[in-house]
1. Give the residues of the stretch 267-325 that are closer than 27 Å to Glu234 by Cα and of a type in the set (Ser, Thr, Tyr), sorted by residue number.
2. When you look at Asp248, is it acidic (Asp, Glu), in a loop (DSSP other than H, G, I, E, B) and either without any contact (Cβ under 8 Å) to a residue 60 or more places away in the chain or more than 18 Å from Glu226 (Cα to Cα) (or both), yes or no?
3. Ser118 fails exactly one of the following numbered conditions: (1) of a type in the set (Ser, Thr, Tyr); (2) modelled with pLDDT of 85 or more; (3) crowded, with 17+ Cβ neighbours inside 10 Å. What is the number of that condition?
4. So which of Asn168, Asn181 ends up being loosely packed, with under 15 Cβ neighbours inside 10 Å and touching a Pro at 6+ places or on another chain (Cβ under 6 Å)?
5. Whether any residue in the stretch 283-292 is farther than 12 Å from Tyr243 by Cβ, in contact (Cβ under 8 Å) with a residue 40 or more places away in the chain and in contact with a helix residue (DSSP H, G or I) (Cβ under 8 Å, 6 or more places away or on another chain) is what I want to check.
6. Return the pairs, sorted by first residue and then second, in which the second residue is assigned to a loop (DSSP other than H, G, I, E, B) and not hydroxyl-bearing (Ser, Thr, Tyr), the first residue lies in the stretch 62-77 and is in the same structural domain as Leu48 (by TED's automatic domain parsing) and free of Cβ contacts under 8 Å to residues at least 12 places away in the same chain, the beta carbons are less than 7 Å apart, and the residues are 6+ apart or on different chains.
7. Residue check: is Ser132 surrounded by fewer than 15 Cβ atoms within 10 Å (Cβ to Cβ) and at pLDDT below 90?
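The values are calculated or read from the model by the stated rules, or taken from the named source; none is laboratory data. Note that the structure is predicted; figures quoted are calculated from it, not measured. Counting neighbours? That spans all protein chains shown, and the Cβs are built from the backbone with ideal geometry, glycine included.
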Amino acid sequence: MSFETHLDDLDITRTADASTAATEVIAAVHEEGLKKYPALGEFVDPVLADAYLDGILDDDDLDELVAQFASELDLGQHGVEDFIKNNIDTRADERDDSTTAQFRRLPLDEWIQEHLISLVQERDKGSSGTVSHLWEFEAPEDYRETFTVNTGDSNHNNHSNFIDLIANQSLDAGAQIAGMNYKNDGVWKEEFLRPFMSRNATVEHYVSERREAVEELWSKLSVRLEKGVDTDPEQAVQVSKVYEKPEDDAHLYVYTQLLKSVGDAHDVTYRAMQEELKALSVIDGAASEHISVGEGTKRFWKLPRAFIEAATFDDGVRAVGGDPE
């Protein structure tokens, strides 16, 4: 078995790996008669050098490895130290200086500050109140310039979750992060994350599917009202889908088939539309009512006439005491 076969399996991804890998190099020298410095050079550049340059190993770790090699290979300690440092310098020169500076291994807070391009907090204007945080970072890969991580409402509060989400979008970026500078997630959140997000996040509001559905419903009802609605519930079921009770001039009754067609177009359920209208104060609770049609009954939604008669959807919400924002 050649030394190159050993080298193929050597890897240092954490500090403890270094001594194990060094032991394998020493064993290869003793058991296979490999020349000491050539074998040592194969290990130092690139495996040991990259681990040092990436921040996995520090100077104290190098000192321990120097002592281990000097002792077990019967080499002068100063000679081994100079050899290793010279090989690390050579490896550093070989690596792209700009890439090394830009994507070196860092604690999460420092990595975020170096690589964040933008942070957007998206808020749903509708009743769901959904909040998402979209972090756009510089990408280490050659095939793209940026990548985006969605941490939802609060997944960034746990630093391990945050690192996992980054790694899910970019394995290379995840490999560049080494823990954090804070003793626990509570301190991380209060001392770094919250003030950093306050300074850097841009808030954007968006309209959810359920909000779009009730806005479209309002639009259709507004048009139907202009064209004229039916005072006969059976005629309403067949034609306009909107019924006007002669004894109730404060409400209009909407046949559920119209609601279903609007909801289906937005992949929104009756309940979701009901919750949205309730959140907007258009209705107080359950909106449906069964009305006699022919020999049976049909289900209609009871909606305030003032909501439908308004010039705009927002005006309609305000007309019934709600807040469209």
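1. Passing the criteria: Thr269, Tyr270, Ser288, Ser292, Thr297.
2. Numbers: acidic (Asp, Glu): yes; in a loop (DSSP other than H, G, I, E, B): yes; either without any contact (Cβ under 8 Å) to a residue 60 or more places away in the chain or more than 18 Å from Glu226 (Cα to Cα) (or both): yes.
Taking the combined requirement at face value, the residue satisfies it.
3. (3)
4. Step by step, each of Asn168, Asn181 is checked, and only Asn181 is loosely packed, with under 15 Cβ neighbours inside 10 Å and touching a Pro at 6+ places or on another chain (Cβ under 6 Å).
5. The answer is no, given that none of the residues of the stretch 283-292 is farther than 12 Å from Tyr243 by Cβ, in contact (Cβ under 8 Å) with a residue 40 or more places away in the chain and in contact with a helix residue (DSSP H, G or I) (Cβ under 8 Å, 6 or more places away or on another chain).
6. Ala70/Gly76
7. Judged against the criteria, Ser132 is not a match.
Let's see how each residue does on (1) at pLDDT 90 or above; (2) in contact with a strand residue (DSSP E or B) (Cβ under 8 Å, 6 or more places away or on another chain); (3) surrounded by fewer than 19 Cβ atoms within 10 Å (Cβ to Cβ); (4) not in a helix (DSSP H, G or I):
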site: Ala236; (1), (2), (3), (4): no, yes, no, no
site: Tyr253; (1), (2), (3), (4): yes, yes, no, yes
site: Val268; (1), (2), (3), (4): no, no, no, yes
site: Ala272; (1), (2), (3), (4): no, no, no, no
site: Glu275; (1), (2), (3), (4): no, no, yes, no
site: Gly285; (1), (2), (3), (4): no, no, yes, yes
site: Leu303; (1), (2), (3), (4): yes, yes, no, yes
site: Val317; (1), (2), (3), (4): no, no, no, no
